[in-house]
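The values are calculated or read from the model by the stated rules, or taken from the named source; none is laboratory data. On a predicted model such as this, the values are computed, not experimentally measured, just so you know. Note that we place each Cβ from the backbone using ideal geometry, even for glycine, and neighbour counts take in every protein chain shown.
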Amino acid sequence: MTTPSAQFTEPVADPATAATGDAAAGRPSAGSARDVARVLVRRPLALGGLLVICLMVVLALFGTQIAPNGENDVDVSQMLTGPSAKHWFGTDELGRDVLSRVIIAAHASLEVSVVSVGAALVAGVLLGLLAGYYGRFADSFIMRCMDVLFAFPVMLLAIAIVAVLGAGISSAMIAIAVVYTPIFARITRASVLSVREEVYVRAAVSIGVPDREIIGRHILPNVAGPIIVQTSLSLGFAILTEAALSFLGLGVQPPQPSWGAMLYDARGFVEQAWWMAVFPGLAIVLTVLSFNLVGDALRDVLDPRRRTQLEAAGRP
Amino acid sequence: MSAPGGDVVAAVEDLQVQFPVRTSAGKREVRAVDGVSFEVARGETLGLVGESGSGKTTTGLALLRLVNPSAGTVRILGEDVTSWPRRRLRALRRRVAMVFQDPQSSLDPRHSIGWSIEEPIRVHGLRDGAAARRARVHELLEQVGLPADAAARHPHELSGGQRQRVGIARALAGQPDLIVLDEPLASLDVSVQAQIMNLLRQLQDELGLTYLFIAHDLAAIAHMSDRVAVMTSGHIVETGPAVQVYEHPQHEYTRTLLAAIPADTPAEARRRRADAGQRSSA
Amino acid sequence: MSEPVFAVRDLRVSVRTRRGLASIVNGVDLTVDRGRTLAVVGESGSGKSMTMLAATGLTPSGVRVSGSARLLGTDLRTMRARKLRSFRGRHAGFVFQDPLSSLNPLMTVGRQIGEAYQLLQGRSRADARRRAVELLGQVGIPDAEQRVDSYPHQFSGGMRQRVMIAMALACEPELIIADEATTALDVTIEAQVIDLVTELQAKLGTAVIWITHDLSVVAGMADDVAVMYGGRIVEQSPVDELFEHPAHPYTKALLGARPRIGDRSPLAAIPGSPPNPLRLPPGCAFYPRCPVRGDARCATELPPLAPVGHEHRARTFYADVADAVPGGSMS
């Protein structure tokens, strides 16, 4: 009588059930970096978005070196001139080169966006993890606080915070961070609630794994997908918010350029010098659009439910 | 019902577990386990059999305090763990391990097999250093009949039977005194079920393991168990040596359950239908 | 001899995955006659479910299907989508494994049962409701008049499966296809559902295809059996013949691997795992796991489905029918 053999050719999986089984069950499929790369390559728009983002990052880091002129170099003889060979984007009312200002302003916009969304991410995810994992009192308390924040229109809340803290780039960052924390908390909590019920979490509890390790090693990696997607989207919206705040004079302060501040400066000259508003505006639109395109592509890879829909439709 | 001979690894007395349930009439307490008592002696397999909703799974979970008893006691190795606070439960969970029904969902998809098997070793500090832990993982893989290179793979790369072997390896990692197996065969193909049953018996012989084997499949229970406890609606209605319970069932529910075991062959099935037909017309 | 209710010829299903072409069904021929029950037996990866889904046009997109599937003489595979939907709905009923996910939680069972009936036969709401009550009664749901307005979650698992059966019967189809319909049910309920189907079949003359991995279900209700492995039929015979004289080593192994009450000796398990549809072996798909390997050709040549007895065919070069030990241990 042969005992069940350890003979074993190669770990064999049934791809038909492995791929559809996981996806059909709505489980987070292993959306690896390779999958991300594959999806981006097949979507020219998303790839374009990624390139634009990279360009903006380069501008943000090396803007002052790249720009043909300084952000505050004034050329009195060239005030309010349109796009020309010398000044591709024209000049503003003080004779400053708009192209250079747009390039250099990338720094402020991206800095505010990255720092504030980064802070919102850390705070929101932490709160979401605690609320989702521990439930009951912690959940009620945290989510009610988030609901209060949610109740305010984004701009109103941001303005209020800046009004209290005083106008300036730091205040803008704090305001945006506060305003965007609830969405991260909510998304994280929702994912945690479903992952928490997974059998492998119960298995970890049955082994005796301490809570912090369960949260850190089992729950967090499995909720990362939606959080990453939200991050890319929020980065885009944060730029808009910063632009709005600066437009209102509440964010980045002169003489530091930001796209929003440039729009503010341009408002009196829209008829005479359209280029003062259009180019910073385009920069905003392009950047936000790029973040959205990349975010959509990431969602298709990392969000398990969307993945199922796409696989069923036969799309890559 | 007490276990014959050997020292008692687990003893449950008048265990009750209830859950709040929200109905249209408001909140209610449902007693999933309603006064259950049994013992498991070292080296034996106690089969806990019942249909869905009988409370057998909940009973198994209570032994690890994965659900909290609302009344009664749970004693593991003589110690009353019923009311142990959370921080002491880690020690309990080294002594009692669990194998879950669905091997796919009981393994974290984001971690390798080796990582999952190593987790209990790491959590309880059973080996010093990464190399020693890895060696133990390989030892466990060999014991359950998996090759060493499986450690680097992820759950989705393995078949159902292989995944369940991983689940068993993980349960063995801490050298527990009791392993609770909750429907370990239910999600597996028939041919693989036989493999796993053979593996479990083999490991029990080699390592002197003690099992609480929870299932609804009467044939599997008969094959695996030394003693059997029959459960329905939160109660145990009959306990005894497996052979005795199957051949001379005392309780009516046991008899109903045994009668429902499907026929092995078509001829047998026809005979039963004919008998039933005769009985109802008689 | 009358024409079979359902006849599948050379059905092949494959799907292109990231890792290559997965051949899930590799040339399946099946027939079911009026009033007969065909059990299709196989484990996961055998292609048993996909065969039925592909034959009836219910596969997800991206899956390649070839071959013919004639229901009452008409090839379903060549029909246009809308006509297929109405024809299939009128003449075939389906019962799936999990009634909870197959039933719409927001609709009463009466409406769901009546839905198909109404659309396909142009009957009125009142007619549909009457039919629903009638069907609920036929499937053994007490107080049908009241229960017809209940929602799925208000029924127990076994009852829900009966509701599924009622839905499948709504248009008095000539064919019912049940896919692991009792797998999730308790033994006692399973027995009841099987009895119900057998009874209804006797009354209505419906042809039934019952997909399962459970040999005791097969023993309890099948007239004919087709055993599938690696996307092919490896044995086909009337049910008694299969249990008494299994010819294919896989069938024998499957019968022998079942635990027997009263026998605690180690089980004759089949080592290894089912084949990978991405990499099917060139010869017999069961060869890597076969305890017999009785012929030199097994590894390289695909055995044809050859006769080994009366209405009994097996896809093996080593068909030793005389050697069969039904359900016993195998050395």
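Let's see how each residue does on (1) crowded, with 21+ Cβ neighbours inside 10 Å; (2) under 14 Å from the mean Cα position of the chain (by Cα); (3) of a type in the set (Ser, Thr, Tyr):
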| residue | (1), (2), (3) |
| --- | --- |
| B:Leu15 | yes, no, no |
| B:Thr23 | no, no, yes |
| B:Val36 | yes, no, no |
| B:Val49 | yes, yes, no |
| B:Asn68 | no, no, no |
| B:Ala71 | no, no, no |
| B:Arg88 | no, no, no |
| B:Arg94 | no, no, no |
**Study point:** Test set (1) of a type in the set (A, V, I, L, M); (2) at pLDDT 95 or above; (3) not in a helix (DSSP H, G or I) - B:Val166 fails condition number
**Key:** (3)
Practice item. Name every residue in segment A:100-124 that is within 21 Å of A:Leu149 (Cβ to Cβ), buried (at least 24 other Cβ atoms within 10 Å of the Cβ) and of a type outside the set (A, V, I, L, M), in order of residue number. Key: A:Ser113, A:Ser116, A:Gly124
**Study point:** Odd one out for B:Ala97 among (1) in a helix (DSSP H, G or I); (2) within 22 Å of B:Gly208 (Cα to Cα); (3) facing chain A (nearest Cβ under 8 Å)
**Key:** (1)
Practice item. Would you point out the residue of segment C:18-35, among those that are crowded, with 17+ Cβ neighbours inside 10 Å and within 14 Å of another protein chain (Cβ to nearest Cβ), that is farthest from C:Trp210 (Cα to Cα)? Key: C:Ala22
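Do we find that B:Ser106 is surrounded by 23 or more Cβ atoms within 10 Å (Cβ to Cβ), over 15 Å from the mean Cα position of the chain (by Cα), of a type in the set (Ser, Thr, Tyr) and farther than 24 Å from C:Gly157 by Cα in this structure? Walk me through it before giving the result.
Numbers: surrounded by 23 or more Cβ atoms within 10 Å (Cβ to Cβ): yes; over 15 Å from the mean Cα position of the chain (by Cα): no; of a type in the set (Ser, Thr, Tyr): yes; farther than 24 Å from C:Gly157 by Cα: yes.
Considered against the rule, which asks whether it is surrounded by 23 or more Cβ atoms within 10 Å (Cβ to Cβ), over 15 Å from the mean Cα position of the chain (by Cα), of a type in the set (Ser, Thr, Tyr) and farther than 24 Å from C:Gly157 by Cα, B:Ser106 comes out as no.
Here's the yes/no breakdown for (1) without any contact (Cβ under 8 Å) to a residue 12 or more places away in the chain; (2) assigned by TED's automatic domain parsing to the domain that holds C:Ile211; (3) buried (at least 17 other Cβ atoms within 10 Å of the Cβ); (4) more than 17 Å from the chain's Cα centre (by Cα):
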{"position": "C:Gly57", "(1), (2), (3), (4)": "no, yes, no, no"}
{"position": "C:Val65", "(1), (2), (3), (4)": "no, yes, yes, yes"}
{"position": "C:Arg77", "(1), (2), (3), (4)": "no, yes, yes, yes"}
{"position": "C:Ser86", "(1), (2), (3), (4)": "no, yes, no, yes"}
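Give the residue that is farthest from the other protein chains (Cβ to nearest Cβ), with candidates limited to residues of segment C:176-192 that are part of a loop (DSSP other than H, G, I, E, B) and among the small types (Gly, Ala, Ser). Before the answer, list the steps.
We begin by selecting, within segment C:176-192, every residue part of a loop (DSSP other than H, G, I, E, B); these are C:180-186.
Checking the rest, the ones that are also among the small types (Gly, Ala, Ser) come to C:181, C:184.
Numbers: C:Ala181: 14, C:Ala184: 9 Å.
Checked segment C:176-192; the qualifying residue farthest from the other protein chains (Cβ to nearest Cβ) is C:Ala181.
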Check your understanding: Hey, among the residues in segment B:216-243 that are touching an Asp or Glu at 6+ places or on another chain (Cβ under 6 Å) and surrounded by 23 or more Cβ atoms within 10 Å (Cβ to Cβ), which one's farthest from the other protein chains (Cβ to nearest Cβ)?
Key -> B:Gly234
Exercise for review: Quick one: in segment C:264-306, of everything that is closer than 20 Å to C:Asn26 by Cβ and outside any loop (DSSP other than H, G, I, E, B), which residue is nearest to the other protein chains (Cβ to nearest Cβ)?
Suggested key: C:Pro288
Point to revise | Selection within segment A:157-214 - of a type in the set (D, E, K, R) and more than 14 Å from chain B (Cβ to nearest Cβ) | key: A:Arg186, A:Arg189
**Study point:** Where C:Ser2 falls short, out of the listed (1) surrounded by fewer than 19 Cβ atoms within 10 Å (Cβ to Cβ); (2) within 14 Å of another protein chain (Cβ to nearest Cβ); (3) without any contact (Cβ under 8 Å) to a residue 60 or more places away in the chain
**Key:** (2)
Review point. Which one of C:Gly27, C:Gly67, C:Gly35, C:Gly57 is on the phi > 0 side of the Ramachandran plot and out of contact with any strand residue (DSSP E or B) (no Cβ under 7 Å at 6 or more places or on another chain)?
Key: C:Gly57
Exercise for review: Check B:Leu209, B:Leu181, B:Leu185 and return the single one that is under 18 Å from the mean Cα position of the chain (by Cα), part of a loop (DSSP other than H, G, I, E, B) and away from chain C (no Cβ under 12 Å).
Suggested key: B:Leu209
Review point. Residues in segment C:208-249 that are within 13 Å of another protein chain (Cβ to nearest Cβ) and in contact with a strand residue (DSSP E or B) (Cβ under 8 Å, 6 or more places away or on another chain): how many?
Key: 21
Review point. Among the residues of segment B:207-264, which ones are touching a residue at least 12 places away in the same chain (Cβ under 8 Å) and charged (D, E, K, R)?
Key: B:Asp217, B:Asp226, B:Arg227, B:Glu238
Review point. Among the residues of segment C:88-116, which ones are at pLDDT below 85 and surrounded by fewer than 15 Cβ atoms within 10 Å (Cβ to Cβ)?
Key: C:Leu100, C:Ser101
Revision key, fill the gap. Only unsatisfied item for A:Arg144, checking (1) assigned to a helix (DSSP H, G or I); (2) in contact with a helix residue (DSSP H, G or I) (Cβ under 6 Å, 6 or more places away or on another chain); (3) surrounded by fewer than 19 Cβ atoms within 10 Å (Cβ to Cβ), is (2)
Review point. Restricting the search to segment A:73-107, which residues are over 30 Å from the mean Cα position of the chain (by Cα) and of a type in the set (S, T, N, Q)?
Key: A:Ser77, A:Gln78, A:Thr81, A:Ser84, A:Thr91
Exercise for review: Could you tell me which numbered condition A:Phe62 fails, if it satisfies all but one of (1) surrounded by fewer than 15 Cβ atoms within 10 Å (Cβ to Cβ); (2) within 21 Å of the chain's Cα centre (by Cα); (3) at pLDDT 70 or above?
Suggested key: (2)
**Study point:** Odd one out for B:Arg122, checked against (1) more than 14 Å from chain A (Cβ to nearest Cβ); (2) surrounded by fewer than 18 Cβ atoms within 10 Å (Cβ to Cβ)
**Key:** (1)
Point to revise | Criterion: of a type outside the set (Phe, Trp, Tyr), free of Cβ contacts under 8 Å to residues at least 12 places away in the same chain and within 29 Å of C:Val148 (Cα to Cα) - qualifying residue of C:Gln118, C:Gln112, C:Gln97 | key: C:Gln118
Review point. Which ones in segment C:199-250 are touching a His at 6+ places or on another chain (Cβ under 8 Å) and among the polar types (S, T, N, Q)?
Key: C:Gln236, C:Ser237
Exercise for review: Quickly run through segment B:140-163 and pick out the residues that are under 18 Å from the mean Cα position of the chain (by Cα) and either under 17 Å from B:Thr210 (Cα atoms) or assigned to a loop (DSSP other than H, G, I, E, B) (or both).
Suggested key: B:Val144
Check your understanding: Taking the stated definitions as given, is A:Arg189 of a type in the set (Lys, Arg) and surrounded by fewer than 22 Cβ atoms within 10 Å (Cβ to Cβ)?
Key -> no
Point to revise | Subset of segment B:92-111 (residues that are more than 15 Å from B:Tyr211 (Cα to Cα) and among the hydrophobic types (A, V, I, L, M, F, W, C)) | key: B:Leu92, B:Leu107
